[in-house]
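The values are calculated or read from the model by the stated rules, or taken from the named source; none is laboratory data. All figures in this text were calculated on a predicted structure; none of them were measured in a lab. Cβ: placed from backbone, ideal geometry, glycine included. Neighbour counts: every protein chain shown.
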Amino acid sequence: MSTKISLSRYLVEQQRVDGLIPAQLRLLLEVVARACKSISHAVNKGALGGVLGSAETENVQGEVQKKLDIIANEVLIEANEWGGHLAAMASEEMDGIYMVPNRYPQGEYLLLFDPLDGSSNIDVNVSIGTIFSVLKKSEGSGHGVSEQDFLQAGNRQVAAGYCIYGPQTTLVLTVGDGVAMFTLDREQGSFVLVQEHVRVPADTKEFAINMSNMRHWAPPVRRYVDECLAGKDGPRGKDFNMRWIASMVADVHRILTRGGIFMYPWDQREPNKPGKLRLMYEANPMGWLVEQAGGAATNGKQRILDIQPTQLHERVSVILGSKNEVERVTGYHTQT
Ligand code: P6P
């Protein structure tokens, strides 16, 4: 019988064998994984758990919160605040940062998350997920912690991942040594390694974008999508397929699994808004995962992970996935 490698064993080996992750970071990731298990349990209950529907409140983004958005946020806060590995947390669902209460020991890590991405899909039973990013407090930033400590480029992340709540609950993680996937074994109650060294094919025939926004896109995105739609008789010389799940976690998971390109670009509806998705806890973690799997992630003009954030909840245009396709779309932007 092949030995099942649990997330815990994988992380211990990453710590012991590769020296990649200090004990405090290993603890952090195990706690986040346990929190994702709890969130998965709540999601799976659906109507039976009374967790569907709106919470009748709005988040900092001005979006109506679902009950599960708030539940997932609370699960992550409560799981992580007492362990001594964190200095503070930031969430899509909270205006400001959440500092670890003084009654608990302070750590050196900063945890950012979108507790339940794709929540418009909750009530219609479509895959959703938790996205997380880990930074370290800058050296010499002293004992306190402020929002400024979080404003680091994505290339400073020390860990990133997501947990997708779909037909399987699967945790996808990088600590800078490639991407590994762990599926929740509900009988054992543990995440089990199902794939490591995940690779995104450099080419693809599948693109993901919300086509209803076509008339609002900038010309480079319009050109790229038109060429895909032209198929084998067009300049690309091949037919393309399209997917849009409206759940970034699900679209990115498909891309990590079989390739593809995901785009949520700037559009002219709100010219001063760079895009819909958030840099710190959506684009940065997903961008690093995709890069660690051999793909690429840009905002149309520059590598997402090189963007220096100025605000905690700032938004960004996102083009990520199969390297050759991302480079093509980015090239169309820089040609104009
Ligand atoms: P639209 C979910 O709300 C989300 O933030 C991402 O998960 C997803 O890719 C996108 O928004 C969907 O946006 O405009 O197609 O509903």
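Annotations
- Restricting Val192, Val172 to those that are in a strand (DSSP E or B), closer than 18 Å to Leu20 by Cα and of a type outside the set (Gly, Ala, Ser) reduces the list to Val172.
- Residues in region 210-220 that are out of contact with any Ser or Thr (no Cβ under 9 Å at 6 or more places or on another chain), touching a residue at least 40 places away in the same chain (Cβ under 8 Å) and part of a helix (DSSP H, G or I): Asn213, His216.
- Here region 315-336 is the region considered, the condition is being among the small types (Gly, Ala, Ser) and touching a Gly at 6+ places or on another chain (Cβ under 9 Å), and the residue that is surrounded by the fewest Cβ atoms within 10 Å (Cβ to Cβ) is Ser317.
- Hey, Gly321 more than 16 Å from the chain's Cα centre (by Cα) and either assigned by TED's automatic domain parsing to the domain that holds Asn59 or touching a residue at least 40 places away in the same chain (Cβ under 8 Å) (or both) or not: no
- Condition check for Lys45: of a type outside the set (Val, Ile, Thr) and surrounded by 14 or more Cβ atoms within 10 Å (Cβ to Cβ): no
- Breaking point among (1) assigned to a loop (DSSP other than H, G, I, E, B); (2) surrounded by fewer than 19 Cβ atoms within 10 Å (Cβ to Cβ), for Leu312: (2)
- The residues listed here are Asn272, Asn284; of these, the one that is in the same structural domain as Arg303 (by TED's automatic domain parsing), within 25 Å of the chain's Cα centre (by Cα), of a type outside the set (Phe, Trp, Tyr) and over 22 Å from Gly331 (Cα atoms) is Asn272.
- Looking only at region 136-161, and only at residues there that are in contact with an Asp or Glu (Cβ under 8 Å, 6 or more places away or on another chain) and free of Cβ contacts under 8 Å to residues at least 40 places away in the same chain, the one that is farthest from Gln14 (Cα to Cα): Ser141
- Selection within region 206-252 - under 26 Å from the mean Cα position of the chain (by Cα), away from the ligand (no atom under 16 Å from the Cβ) and surrounded by fewer than 16 Cβ atoms within 10 Å (Cβ to Cβ): Arg222, Asn241
- Failed condition for Gly62, given (1) crowded, with 23+ Cβ neighbours inside 10 Å; (2) within 15 Å of the ligand (Cβ to nearest atom): (1)
- Contact map, region 55-80: residues that are on the phi > 0 side of the Ramachandran plot paired with residues that are within 15 Å of the ligand (Cβ to nearest atom), Cβ distance under 9 Å, separation 6+ or inter-chain. Pairs shown: Glu56/Val64; Glu56/Gln65.
- Checking every residue in region 26-33 against the condition of being assigned by TED's automatic domain parsing to the domain that holds Ala160, more than 30 Å from Asp123 (Cα to Cα) and in contact (Cβ under 8 Å) with a residue 40 or more places away in the chain gives at least one match.
- Unique match (being closer than 22 Å to Leu29 by Cβ, within 16 Å of the ligand (Cβ to nearest atom), of a type in the set (Gly, Ala, Ser) and in contact with a Leu (Cβ under 7 Å, 6 or more places away or on another chain)) among Gly161, Gly176: Gly161
- Matching residues, region 253-286, being within 11 Å of the ligand (Cβ to nearest atom), hydroxyl-bearing (Ser, Thr, Tyr) and part of a helix (DSSP H, G or I): Tyr281
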